[in-house]
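In what follows, a structure is listed as structure tokens, so that the remarks can point back to it.
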Amino acid sequence: IQFASADDAHVFLYDGKQLDFGAALWAGGLQREPYAAPRPGGLTYTVARTGKRIVIPSVDEHPLYQEWKWGGAIVGLPLRSGGTTRGVMTVAFEKPHEFAAEELRLLESLADQAAIALQNARLFQWTTSERKRVQLLLDIAQTLSTAVEVPEILQRATSVTTESLGGMFGEAFLFDRATERLHLRGLAGKDPALIPEYDSRFNLRPGMGLVGWIAEQRQAVLVPDVRQDPRWLHF
């Protein structure tokens, strides 16, 4: 942000619904608190939703800043790639500023480069996660190629999956229709010899606890913190 003595620049990531703070930079090596939470009806969200550039030479005179008159100028640019807005870049001045055509062309160029960088980062992340997923499937297939009995298959699959994902421990349950119980048949991170003991202690059925909910609903679930999930049962 060295051109025209701009005072700060912010980049936000956009997933189609929400903006998340990405980065901030200040002129002259200053380090201030970033504007990490854009106003729902403010400039940044408006740029994200419309996909159009907004140039405001004086914020105090603009409708988007009627409730926040801080005396400066700002321009918001959509970071677009593949026809989709991936984020928003804002460049601000602490005083009113008339944006010259050359400045706006430079800002558009910077926004294009930032959008490409965001897209490349997303593609790299997707490629990396997809590679890990395929590798996990291959590892499981190779590990199970010599397994015959169902308990052995579940135990091997649980061990390989837990290790691949860097988990602390893992469990695999098998539903028994005769008893309508979920029996523990795979255990990783702990001695598999403890399976009979844990199985009798759990005594799980569909609908009971997080595992029972998964069995009953027949769908996967990602729980960031099991301590905050009412379905979690601690044994």
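Quote the charge dipole size of the chain about the Cα centre in Debye, to the nearest 20; the model charges only the Cβ of Lys and Arg (+1) and of Asp and Glu (-1). Please list the in-between numbers first.
Numbers: 25 positive and 28 negative charges, 108 e Å.
Computed about the Cα centre, the dipole is about 520 debye.
For the chain, what does -39500 (n - 2.57) per DSSP helix run (n ≥ 4), summed and divided by total residues, give at 222 nm, in deg cm²/dmol to the nearest 500? Please report the intermediate quantities before stating the final value.
Working: 5 runs with 85 residues, N = 235.
Estimated from H runs of four or more residues: -12000 deg cm²/dmol.
Just checking my list [x] 50; [y] 27; [z] 58 against percent of Cα pairs over 30 Å apart computed from this structure; which label fits?
[x]
Please work out the average accessible area per residue across the range 35-100, using the 1.4 Å probe convention, and give it in Å².
Working: 3300 Å² over 66 residues.
Value for the range 35-100: 50 Å² per residue.
Using only Cα atoms, find the angle between the long axis of helix 101-144 and the longest principal axis of the chain, and express it within 0 to 90 degrees, rounded to the nearest 10.
10
Starting with the highest mean, order 152-160, 190-198 by the number of other Cβ atoms within 10 Å, averaged over the residues of each peptide. Let's see the in-between values first.
Numbers: 152-160: 19.6, 190-198: 12.2.
Descending packing order for the listed peptides: 152-160, 190-198.
I need the Kirkwood Rh of the range 157-235: take the reciprocal of the average 1/r across all distinct C-alpha pairs and report it in angstrom.
Numbers: mean 1/r = 0.0756 Å⁻¹.
Averaging 1/r across every pair of different Cα atoms and inverting gives 13.2 Å.
Quick one: what are the phi-derived ³J(HN,Hα) couplings along the range 202-218, Karplus 6.51/-1.76/1.60 with θ = phi - 60°, whole Hz, x for glycine and proline?
With coefficients 6.51, -1.76 and 1.60, one gets 5, 6, 7, 9, x, x, 9, x, 5, 5, x, 5, 4, 5, 6, 7, 6 Hz.
Using Stokes-Einstein with the Kirkwood hydrodynamic radius over Cα pairs, what translational diffusion coefficient do you get for the range 4-63 at 37 °C and a viscosity of 0.692 mPa s, in µm²/s rounded to a whole number? The partial results should precede the final answer.
Details: Rh = 12.9 Å.
D, rounded to a whole number, is 254 µm²/s.
Could you work out how far the C-alpha centroid of the range 34-108 sits from that of the range 154-202, in angstrom?
Between the Cα centre of the range 34-108 and that of the range 154-202, the gap is 53 Å.
Leaving ligands and nucleic acids out of the surface, order PHE175, PHE202 by accessible area at 1.4 Å, largest first. Let's see the in-between values first.
Numbers: PHE175 85, PHE202 25 Å².
Order by accessible area, largest first: PHE175, PHE202.
For the range 67-123, what is the largest minus smallest coordinate of the Cα atoms on each principal axis, given in angstrom and ordered from greatest to least?
40, 28, 16
Which of rounded, prolate, oblate describes the range 147-186, given a ≥ b ≥ c as roots of the alpha-carbon gyration tensor eigenvalues and a/c under 1.5 marking rounded, otherwise prolate only if a/b is larger than b/c?
Numbers: a/c = 4.36, a/b = 1.72, b/c = 2.53.
Here the range 147-186 falls in the oblate category.
Below 8 Å between Cα atoms, with a sequence gap of 6+, how large is the relative contact order for the chain in percent? If you can, show how the numbers build up before the last one.
Numbers: 344 pairs, mean separation 26.1, N = 235.
Taking the mean separation of contacting Cα pairs over the length of the chain, I get 11 percent.
So, with a 1.4 angstrom probe, what is the percent of accessible area on the chain that is carbon and sulfur?
Working: 8170 of 14770 Å².
Whole-percent figure for carbon plus sulfur exposure: 55.
The values are calculated or read from the model by the stated rules, or taken from the named source; none is laboratory data. All figures in this text were calculated on a predicted structure; none of them were measured in a lab. Backbone-built Cβ (ideal geometry, glycine too); neighbour counts: all protein chains shown. These area figures cover heavy atoms from the full protein model, side chains too; ligands, DNA and RNA do not enter into them. Shrake-Rupley method; radii C 1.70, N 1.55, O 1.52, S 1.80 Å.
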